[in-house]
1. Within segment 81-99, how many residues are closer than 16 Å to Asp139 by Cβ and buried (at least 20 other Cβ atoms within 10 Å of the Cβ)?
2. When you scan segment 192-209, do you find a residue that is open to solvent by less than 70 Å² (accessible area, probe 1.4 Å) and among the acidic types (Asp, Glu), even just one?
3. Give the number of residues within segment 29-59 that are β-branched (Val, Ile, Thr) and under 11 Å from Thr69 (Cβ atoms).
4. Does Tyr44 satisfy the condition of being more than 13 Å from the chain's Cα centre (by Cα), modelled with pLDDT under 95, outside any strand (DSSP E or B) and at negative phi?
5. With the condition kept exactly as written, say whether any residue in segment 16-30 is buried (at least 21 other Cβ atoms within 10 Å of the Cβ), touching a residue at least 24 places away in the same chain (Cβ under 8 Å), in a loop (DSSP other than H, G, I, E, B) and touching a strand residue (DSSP E or B) at 6+ places or on another chain (Cβ under 9 Å).
6. Looking only at segment 164-172, decide whether some residue is open to solvent by 10 Å² or more (accessible area, probe 1.4 Å) and either farther than 24 Å from Tyr17 by Cβ or part of a helix (DSSP H, G or I) (or both).
7. For segment 75-86, which residues satisfy the criterion of being in a helix (DSSP H, G or I), under 16 Å from Asp53 (Cα atoms) and within 20 Å of the chain's Cα centre (by Cα)?
8. Going through segment 56-74 one residue at a time, which ones are surrounded by fewer than 19 Cβ atoms within 10 Å (Cβ to Cβ) and either modelled with pLDDT under 95 or not in a loop (DSSP other than H, G, I, E, B) (or both)?
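The values are calculated or read from the model by the stated rules, or taken from the named source; none is laboratory data. This one's a predicted model, so the numbers in the text were calculated from it and none came from an experiment. For neighbour counting, all protein chains shown are included, and Cβ atoms are generated from backbone atoms with ideal geometry for every residue, glycine included. Heads up: the accessible areas ignore ligands, DNA and RNA and are worked out on the full protein's heavy atoms, side chains in. Shrake-Rupley method; radii C 1.70, N 1.55, O 1.52, S 1.80 Å.
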Amino acid sequence: MLKINEIFKDIQGESSYIGLPTVFVRFTGCNLRCTYCDTVYAYYEGKDLHLKDIISQIGEYNCPLVEITGGEPLLQKDVYRLIDGLLKRDNKILIETNGSVDIRGVDERVIRIMDIKCPDSGMSGEMKWENLGYLRGTDEVKFVVSSRRDYEWSINIMKEYSLEGRLTVLISPAYGVIEPKKVAKWILNDQPEIRFQPQLHRYIWGAAERDKVKGK
């Protein structure tokens, strides 16, 4: 049994897979409380589902790309059984994790997208920094920035952990907090080897993302 908040099909709004139709499996529960969180409803809301029912619901969408997200999916140990089941169906799997939980147990065929929490998130002190050493070239890291301070901090972390050129690095302006063009100008000026990434799903559906007609 896994506690699941929602399963839905949508346009991928983040990562280098942005723009692709994706089935999202949102897990209930998170150990962090970021200031800009747009899925606070996933902290507690959800229902217990059998593994076979989750995989069946995913299969109904007939979509090869699946993202496991949250909340924080790695808090539920049976997530690994779900991953195994999806790999047997030949799904391409992304898993989004907040960086505070050990990522080593995730199958190497899964693309791990790790959110590195910046200072303005209020959660940078919760990062499990050794995770950065476990990342593979197929993995991705994401910085959600709310200010110039966050941006400069992100660049420093990128350099300190030799992320630039080793894997895909994404910088995303926090939706509704900072103007995207400010962050874009900083990147254009500094020319770091990173990908500017607006939260596409927020621009499609707006701030009330939860009220969208998901995949229908």
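1. To start, the set of residues in segment 81-99 that are closer than 16 Å to Asp139 by Cβ comprises 83, 92-99.
Restricting the remaining residues to those that are buried (at least 20 other Cβ atoms within 10 Å of the Cβ) gives 83, 93-99.
Qualifying residue count for the region: 8.
2. yes
3. To start, the set of residues in segment 29-59 that are β-branched (Val, Ile, Thr) comprises 35, 39-40, 54-55, 58.
Those still in the list that are under 11 Å from Thr69 (Cβ atoms) too: 39.
Number of matching residues: 1.
4. Working: more than 13 Å from the chain's Cα centre (by Cα): yes; modelled with pLDDT under 95: no; outside any strand (DSSP E or B): yes; at negative phi: yes.
Criteria not met by Tyr44.
5. Yes, segment 16-30 has at least one match.
6. Start the filter on segment 164-172 by keeping residues that are open to solvent by 10 Å² or more (accessible area, probe 1.4 Å), which leaves 164-168.
From what's left, either farther than 24 Å from Tyr17 by Cβ or part of a helix (DSSP H, G or I) (or both): none.
Within segment 164-172, not a single residue is open to solvent by 10 Å² or more (accessible area, probe 1.4 Å) and either farther than 24 Å from Tyr17 by Cβ or part of a helix (DSSP H, G or I) (or both).
7. Quick first cut of segment 75-86, residues in a helix (DSSP H, G or I) only: 75, 79-86.
Now narrow it down to the ones that are under 16 Å from Asp53 (Cα atoms): 79-86.
Hits for segment 75-86 are Val79, Tyr80, Arg81, Leu82, Ile83, Asp84, Leu86.
8. Residues of segment 56-74 that are surrounded by fewer than 19 Cβ atoms within 10 Å (Cβ to Cβ), as a first pass: 56-57, 59-65.
The answer is Ser56, Gln57, Gly59, Glu60, Leu65.
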